[in-house]
Amino acid sequence: MNTTPKTPLLVLALLVSTPIAIGCSSYGASPTTNAAGGNTGAAGAAGGTAGTTGAGGQPTGGSTVGESGGTPVSTSGVATGGAGATGGAAGQGASPAGGNPETGGTSSAGGTSKIGGTPATGGTPEPGGATATGGRGSPGGRGAPGGTTATGGMPPRGGSTAAGGTTAAGGTTAAGGTTATGGAGTLGWVTIHNDFFIYDTTGALLQVRSGALDKYNGLFYWYGSPPPATDQVAYTSPDLVHWTYKGVIAKLPKDANRMDVLYNDTTKKWVMFLKYIGNAAFLGISTADAPEGPFTVPPSQTLVDGYSIGDMSAWKDDDGKAYLAYVWDKTGPNRQHGIYRMSADYLTLDTQMYLFDVPSREAPHMFKRNGTYYYGVSETNGIDPSATRYYTATNLTGPWSGATMLVTPGSSTTYETQCDFVFPFAGTDGTVYMLDADRWKPSGNFMGNYVWLPYDFSATGAPTANYYQDWDLNVAAGTWRQFDRTTRDLALGKTATASTTNGANAASSVTKATTYQNYTATRWESAASDPQTIMVDLGSAMEIDRVILKWYSNYGKAFKIQVSTDSTTWTDVFSTTVGASYSVTDEKFAKTTARYVRMNGTQRGNANGYSLFAFMVLNDP
């Protein structure tokens, strides 16, 4: 998506230069809701219709960045917010029923912006500090950039050995040492959950659409930027499930998006690549001595062979050389794509490797598998979802194949998303290539801001992305499997009882098997009062060590997971005060013997009752 600043206000407005009818996703996106019945953001520009505030939300003053050079994409009538016309500033957004805000406004035609609507950075809210209705506090004063490490001591993208890393710490070496790409220490199986929103450990919505994923020193780093696209931020996670906000790693004077961060093995620097300043943009480059920054400000500003660029991404080959994949504006917006090799220090352009005449495509990204290079793109379709296409070659200088449509069974729009990047998890038994795609307009059965899916490859190397709401990734082994609820969920089909129910939303709904196409059709909901409980009877005492709860927009803000052998004496195995709308609670605990497992809710997230789609109980090895 492409973004252009107009005035130095708290929000950035849409700026239209010429009526070129080539659209791409931008920060001037139609506001979306992270929960059914949630709030919507305001119109993204003059003439747009302001969004409304729903129950339980708080206005956040969310801003948008518009696009220049294109026809605005209308989202009139979209339940998630008003449509933005050209030139307007964002209205005030609000979070849905205790959820967090999405970006406001619509994107114009003319390119895509990399960033997709994270909540404004500022102070990390204290646990439990949200309002009684579950709304997040307004932006403000997040802590300073997270801790840094000494220069040279971190590996590039994390190495994998039999245990998944080069040391017990997960991949660091002696000063200046590096490891290979991929691994994640000794981390074994984790479950990836799609169709739900991702929150950090404070309960704040994690929004890094069009960001970048990396792995350093046993931690995964997810980089991105909240509106208005000047603060570049980072989150870390040991397991791809629990994310910690690390603060602003670069506070830029101008907007930037499509961020990538690569580690340079020779200079021992982390290098940040940005589409810097608006729609027809510069290549911006910053450096840091640690993956959490701080990165140099302002970044360098470079035109590619004298011309501006649109969407871009940076990618590191297995020989350590870095490449820029970019949309080039020499012959007009979104008319050509190129691949440029960077200098050895990654700070300047070296050699143009290839130039594609590929009109009306954006979101370029690269990866390599078995000696074959893949160059993926989306359509220029505003913030609406689009199909994904890719090109292949065995040499970056070509020849490259023609465009091939990514196979996404049952969907012509990459499951209601726009592609962003493909990340390889290299392990002892193979490599999982995972597609990260941005869901700009969550709705209905397709909630959540991001979709992570494993690629299957044919004998000829053609990828297929099947859809899974839940799937398991073994980072250390570099393998994946379907999440088989029928054999692993000890609560499946068992009796569930609740303190209260609301209408037809019975307790028995949470132990029924559903798929991603219809999982929103059945749920349990309690009366609108505190406290409330829902309990599953496993039928007999058995070992358990994990519970998964899938929440509706009416969620538990503060609740406990408790176990018992007699349904009278209860033991806490997990508790939180930062529950959130359309979230997944996925918690492991020490193995224990229990027959009864319950959610004991003590504070609702909004004025309605507690509501769950699913209540799963597992005993994982």
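Observations on the structure shown:
- Only residues that are touching a helix residue (DSSP H, G or I) at 6+ places or on another chain (Cβ under 9 Å), outside any loop (DSSP other than H, G, I, E, B) and of a type in the set (A, V, I, L, M, F, W, C) were counted across region 468-512, and they come to 2.
- Which listed residue, of TYR374, TYR415, TYR391, is at positive phi and aromatic (Phe, Trp, Tyr): TYR415
- Per the listing THR408, THR380, THR413, the residue uniquely in contact (Cβ under 8 Å) with a residue 60 or more places away in the chain and polar (S, T, N, Q) is THR380.
- Selection from region 229-253 of residues that are surrounded by 23 or more Cβ atoms within 10 Å (Cβ to Cβ) and in a loop (DSSP other than H, G, I, E, B): ALA229
- In region 569-585, the residues that are under 21 Å from MET542 (Cα atoms) and either in contact with a Phe, Trp or Tyr (Cβ under 9 Å, 6 or more places away or on another chain) or not assigned by TED's automatic domain parsing to the domain that holds GLY605 (or both): TRP570, VAL573, PHE574
- Within region 286-341, strands (runs of 3 or more DSSP E) holding 2 or more residues that are surrounded by 21 or more Cβ atoms within 10 Å (Cβ to Cβ): 309-316, 322-328
- Residue in region 345-362 that is under 29 Å from TYR450 (Cβ atoms), of a type in the set (S, T, N, Q) and in a strand (DSSP E or B) present: no
- Among strands (runs of 3 or more DSSP E) entirely within region 530-592, having at least 1 residues that are buried (at least 24 other Cβ atoms within 10 Å of the Cβ) and more than 25 Å from the chain's Cα centre (by Cα) singles out 532-551, 556-564.
- Any hit, region 597-608, residues being surrounded by fewer than 24 Cβ atoms within 10 Å (Cβ to Cβ), assigned to a loop (DSSP other than H, G, I, E, B), of a type outside the set (A, V, I, L, M) and on the phi < 0 side of the Ramachandran plot: yes
- ALA513 vs. criteria under 22 Å from GLN603 (Cα atoms) and either among the small types (Gly, Ala, Ser) or not assigned by TED's automatic domain parsing to the domain that holds ARG598 (or both): no
- With respect to the stated conditions, PHE425 is within 30 Å of ASP319 (Cβ to Cβ), crowded, with 21+ Cβ neighbours inside 10 Å and touching a residue at least 40 places away in the same chain (Cβ under 8 Å).
- With respect to being of a type in the set (Ser, Thr, Tyr) and buried (at least 19 other Cβ atoms within 10 Å of the Cβ), SER526 fits the description.
The values are calculated or read from the model by the stated rules, or taken from the named source; none is laboratory data. The structure displayed is predicted, hence computed values, not measured ones. All Cβ positions, even for glycine, are placed from backbone atoms using ideal geometry, and neighbour counts span all protein chains on display.
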